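Trainee: Sharing a structure, written as structure tokens. Questions coming.
The values are calculated or read from the model by the stated rules, or taken from the named source; none is laboratory data. Computed from a predicted model, the values in this text were never measured in an experiment. Don't worry about glycine lacking a Cβ; one is built from the backbone with ideal geometry, like all the others, and counts go over all protein chains shown. These accessible areas exclude ligands, DNA and RNA; they are computed on the full protein's heavy atoms, side chains included. Shrake-Rupley method; radii C 1.70, N 1.55, O 1.52, S 1.80 Å.
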Amino acid sequence: MLEESEWKLGILLNGYDDLKTNRVKWISNGIYTNKWFADPFILDFDDKQITLLVEEFDYSIHRGRIARLAINRESWTITDCKIILDLETHLSFPMIWREDGHVYVCPENYQSGGWNLYEYKESADSLEFIKQILPEKLTDATLFKDGADYYVLSTYEPTPNGSKLTLWKSDSLFGDFSKTEEKSFPENIARNAGAIFLHEGRLIRPAQECNKSYGHAISFQTVSIKQGQFEFQEEFRYYSTHPKYQRGTHTFNTYNGLAVIDVHKLRFPFLGGLYIGFKDLLVKLHLKKPFEIK
């Protein structure tokens, strides 16, 4: 409870370039004061409105759900929030995959024991279950296509915030995925922070830096692929620049030149800070083992 986070969204009008120059439009929650939104993916946008899919967390429910948000581009305020997927288990990170005119969504739902594919139905404004992609407790998994090959990149339980990234491969989005590779990093920068994107001819993977805590920063890594083998090299690390939400950041996504990010702070900064400091002291004194916050 004392370690509970509160998240805020930000829009970058010029995508990745704006992140490096700290040009972020921070979003107001408007009337939605008893909840926060994180793990944003861009569904659509025009001159007046930006539509996102996000994790919605209502303090009265205390469980993540997938929501569609509407953001007014004049006031930079959330004007509408609709829950489009609500299960008995926690949902987050609604990764969007577009193919053949369809919009698919693969939210994190590790508590269910699997990673599932849904299709977003615009007319019904809802998600329709299609199939389970992998029977694994994946955490912030993403899809990527190289030629005719589909890849799933993810960390998973019991070490979701560690240094090992696992890849699975299939010849079809709807086919069977098999484990093909494991990549180890020299620090805890394996967990995805968003989908791989193309920028100035380079493939870039946003990854979470979890050295100090979950969602501490974002490691932007160039991606190279040779004969189906992936290599990652960090080119930039982003720390939250928000004056109040400085505890961390853990999601970045881009679509058609626009980008979105999230940042967070402790919901109870004073008491939460004291509690975390006390816990860190116990770890240093070897009286308590460190643990990962999901």
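Trainee: Determine the relative contact order of the range 1-68: mean sequence separation of Cα pairs under 8 Å and six or more apart, normalised by residue count, in whole percent.
Mentor: Once divided by the residue count of the range 1-68, the mean separation gives 23 percent.
Trainee: Report the charge-dipole magnitude of the chain in Debye, nearest 20, computed about the Cα centre from +1 at each Lys and Arg Cβ and -1 at each Asp and Glu Cβ.
Mentor: 1080 debye
Trainee: Once you have the alpha carbon radius of gyration of the chain, what is it after dividing by 2.2 N^0.38 Å, with N set to its residue count?
Mentor: Working: Rg = 18.4 Å, N = 294, 2.2 N^0.38 = 19.1 Å.
Against the compact-globule rule of thumb, the ratio is 0.96.
Trainee: Can you tell me the convex hull volume per residue for the range 160-210, based on C-alpha atoms, in Å³ to the nearest whole number?
Mentor: For the range 160-210, the hull spanned by Cα atoms encloses 108 Å³ per residue.
Trainee: Show me the ranking of peptides 173-184, 189-200 by mean Cβ neighbours inside 10 Å, starting with the highest.
Mentor: Highest mean packing first, the order is 189-200, 173-184.
Trainee: Using the Cβ atoms and a cut-off under 12 Å, what net charge is assigned to the surroundings of Tyr245, where Lys and Arg are +1 and Asp and Glu are -1? Walk me through the numbers on the way to the answer.
Mentor: Numbers: positive: Lys8, Lys244, Arg247, Lys265, Arg267; negative: Glu6, Asp262.
Here the charged neighbours net out to +3.
Trainee: Contact order normalised by length for the chain, with contacts defined as Cα pairs under 8 Å and 6 or more residues apart; what percent is it?
Mentor: Once divided by the residue count of the chain, the mean separation gives 16 percent.
Trainee: Follow-up. Relative contact order (percent) for the range 1-159, with alpha-carbon contacts under 8 angstrom and 6 or more residues of separation?
Mentor: 13 percent
Trainee: If the only charges are +1 at each Lys and Arg Cβ and -1 at each Asp and Glu Cβ, what is the size of the charge dipole of the range 1-96 around the Cα centre, to the nearest 20 debye? Intermediate results must be reported in sequence, preceding the final value.
Mentor: Values: 11 positive and 16 negative charges, 43 e Å.
Dipole size: approximately 200 debye.
Trainee: Of the listed pairs Lys121/Lys179; Lys137/Lys183; Lys121/Lys226; Lys121/Lys265; Lys8/Lys48, which have alpha-carbon separations greater than 27 Å here?
Mentor: Exceeds cut-off: Lys121/Lys179; Lys121/Lys226; Lys121/Lys265.
Trainee: Does the range 85-181 classify as rounded, prolate or oblate by the C-alpha gyration tensor (a ≥ b ≥ c root eigenvalues; a/c under 1.5 gives rounded; else a/b over b/c gives prolate, otherwise oblate)? Walk me through the numbers before you get to the answer.
Mentor: Working: a/c = 2.07, a/b = 1.16, b/c = 1.79.
In terms of gyration-tensor shape, oblate.
Trainee: Would you please classify the overall shape of the range 23-66 from the alpha carbon gyration tensor, given that a ≥ b ≥ c denote the square roots of the eigenvalues, rounded means a/c under 1.5, and beyond that prolate means a/b larger than b/c while oblate covers the rest?
Mentor: Prolate shape, in that a/c is at least 1.5 and a/b is the bigger ratio.
Trainee: Note down the accessible area of Arg73, probe 1.4 Å, to the nearest 10 Å².
Mentor: My reading of the accessible area for Arg73 is about 60 Å².
Trainee: Same structure, new question: Rounded, prolate or oblate: which fits the range 1-75 when a ≥ b ≥ c are the square roots of the eigenvalues of the alpha-carbon gyration tensor, with rounded for a/c under 1.5 and prolate only if a/b beats b/c?
Mentor: Numbers: a/c = 2.08, a/b = 1.56, b/c = 1.34.
Because a/c hits 1.5 or more and a/b exceeds b/c, the range 1-75 counts as prolate.
Trainee: Which cross-chain or sequence-distant (5 or more) residues have an amide H under 5 Å from the amide H of Asp39, H modelled 1.01 Å from N in plane?
Mentor: Glu55
Trainee: Taking the Cβ of Ala38 as the centre, find all other residues whose Cβ is under 10 Å away and add up their charges (Lys, Arg: +1; Asp, Glu: -1).
Mentor: Result for the local shell: -4.
Trainee: ³J(HN,Hα) across the range 83-97 via Karplus (A = 6.51, B = -1.76, C = 1.60, θ = phi - 60°), whole Hz, x for Gly/Pro?
Mentor: 6, 10, 8, 9, 10, 6, 10, 5, 10, 7, 6, x, 4, 9, 10
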